[in-house]
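*Asks:* Here's a structure for you.
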Amino acid sequence: MARKIVAGNWKMNMLADDGQQLIQEIVKGAAEVDCELIVCPAAPFLQSFSMLKGNVKIGAQNVSAFDNGAYTGEWSAAMLKSIAVNYAIVGHSERRSLFGETDDQVNAKVHKLLADGIKPIVCCGETLEQREEKLEKEVVKLQLVKALDGLTEESLENIVVAYEPVWAIGTGVTASAEQAQEMHAFIRSTLVKLFGDRATEIPLLYGGSCKPANAKELFACEDIDGGLIGGASLKSESFLAIAQSF
Ligand code: 3PY
């Protein structure tokens, strides 16, 4: 798997025409960037983008923890596989806080995705209150231990981890490069303790108001391998500028 990654989480934004235009602009600009780009549109548009090639990959923003059956409104890892989706975000803080996604569900989703050959982008991150109480490391460690429970060493090469401090999501506030690096180094060492040296290969993305103005400083940090981008992924200029910040 590529180590340098910039992934765009479009969240519940963009209609069909705007999305098509944006993806075309991204594909055009992709030749100029030295990293893998992942575009994560809303579910209705996944299929229309999923035949992209080269360094632009397609990711879902969620997946069901179940296989198939009477689960209205859900979609399975096998369905994503059948339309050639490459990645899926799991455990985003918006899913946890707005839709009650639990660590156990995140873990089940990670296993379903890996079983169908889709790479999970596993999100973790603390709230402002937890940081103020100096609990950020404890919280993130627990999220990782639970999300990755039961994984084999071999599956590590198909995992991406994204650190997204909740207080920096959609707020315009970004973690300083020092704060982000400190947490990424902690995540790296936690993963190595859990899985051994092979875990050093897991790409660690920073997410939370990452934009062209701060991407260079963040990506220069030793343990930051790229970004999971929210608002700035909705315009090709800013998304590609971030991808050129390595
Ligand atoms: C943000 O940067 O707002 C994100 O949530 C990216 O996933």
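*Asks:* Please work out which one of (1) touching a residue at least 60 places away in the same chain (Cβ under 8 Å); (2) under 25 Å from Arg198 (Cβ atoms) is the condition Val63 fails and give its number.
*Replies:* Answer for Val63: the failing condition is (1).
*Asks:* Further question: If you scan the stretch 191-215, which residues turn out to be part of a helix (DSSP H, G or I), away from the ligand (no atom under 14 Å from the Cβ) and open to solvent by less than 10 Å² (accessible area, probe 1.4 Å)? It would help to see each step written out before you state the result.
*Replies:* Taking the stretch 191-215 as the starting set, the residues that turn out to be part of a helix (DSSP H, G or I) are 191-195, 197-201, 212-215.
Now narrow it down to the ones that are away from the ligand (no atom under 14 Å from the Cβ): 191-195, 197-201.
If the condition is that a residue be part of a helix (DSSP H, G or I), away from the ligand (no atom under 14 Å from the Cβ) and open to solvent by less than 10 Å² (accessible area, probe 1.4 Å), then Leu191, Ala199 are the ones that fit.
*Asks:* Any residue at all in the stretch 227-236 that is assigned to a loop (DSSP other than H, G, I, E, B) and surrounded by fewer than 18 Cβ atoms within 10 Å (Cβ to Cβ)?
*Replies:* Yes, the stretch 227-236 contains a residue that is assigned to a loop (DSSP other than H, G, I, E, B) and surrounded by fewer than 18 Cβ atoms within 10 Å (Cβ to Cβ).
*Asks:* Taking the residues in the stretch 153-168 that are part of a strand (DSSP E or B) and among the hydrophobic types (A, V, I, L, M, F, W, C) as candidates, determine which candidate is nearest to the ligand (Cβ to nearest atom).
*Replies:* Ala162
Condition check ((1) within 18 Å of the chain's Cα centre (by Cα); (2) at pLDDT 95 or above; (3) more than 20 Å from Pro212 (Cα to Cα)) across all residues:
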residue: Ile5; (1), (2), (3): yes, yes, no
residue: Gly8; (1), (2), (3): yes, yes, no
residue: Ala16; (1), (2), (3): no, yes, yes
residue: Glu25; (1), (2), (3): no, yes, no
residue: Cys40; (1), (2), (3): yes, yes, no
residue: Val56; (1), (2), (3): yes, yes, no
residue: Ala60; (1), (2), (3): yes, yes, yes
residue: Ala65; (1), (2), (3): yes, yes, yes
residue: Lys81; (1), (2), (3): yes, yes, yes
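*Asks:* Applying the selection to the stretch 174-194, what residues are within 14 Å of Leu144 (Cα to Cα) and in contact with a helix residue (DSSP H, G or I) (Cβ under 8 Å, 6 or more places away or on another chain)?
*Replies:* Met183, Phe186, Ile187, Arg188, Thr190, Leu191, Val192, Leu194
*Asks:* Could you please let me know if Trp10 is within 16 Å of the ligand (Cβ to nearest atom), of a type in the set (Phe, Trp, Tyr) and either within 16 Å of Leu205 (Cα to Cα) or buried (at least 17 other Cβ atoms within 10 Å of the Cβ) (or both)?
*Replies:* Yes, satisfied.
*Asks:* Please enumerate the residues belonging to the stretch 169-190 that are in a helix (DSSP H, G or I), under 14 Å from Glu126 (Cα atoms) and open to solvent by less than 70 Å² (accessible area, probe 1.4 Å). Break it down stepwise before answering.
*Replies:* Going residue by residue through the stretch 169-190, those that are in a helix (DSSP H, G or I) are 177-190.
In the following step, the residues that additionally are under 14 Å from Glu126 (Cα atoms) were identified as 179-180, 182-184, 186-187.
Answer for the stretch 169-190, where residues must be in a helix (DSSP H, G or I), under 14 Å from Glu126 (Cα atoms) and open to solvent by less than 70 Å² (accessible area, probe 1.4 Å): Gln179, Ala180, Met183, His184, Phe186, Ile187.
The values are calculated or read from the model by the stated rules, or taken from the named source; none is laboratory data. Quick caveat: nothing in here was measured; it's all calculated off a predicted structure. Cβ coordinates were reconstructed from backbone atoms using ideal geometry, including for glycine residues, and neighbour counts include every protein chain displayed. Note: accessible area is taken over every heavy atom of the protein model, side chains too, but ligands, DNA and RNA are not part of it. Shrake-Rupley method; radii C 1.70, N 1.55, O 1.52, S 1.80 Å.
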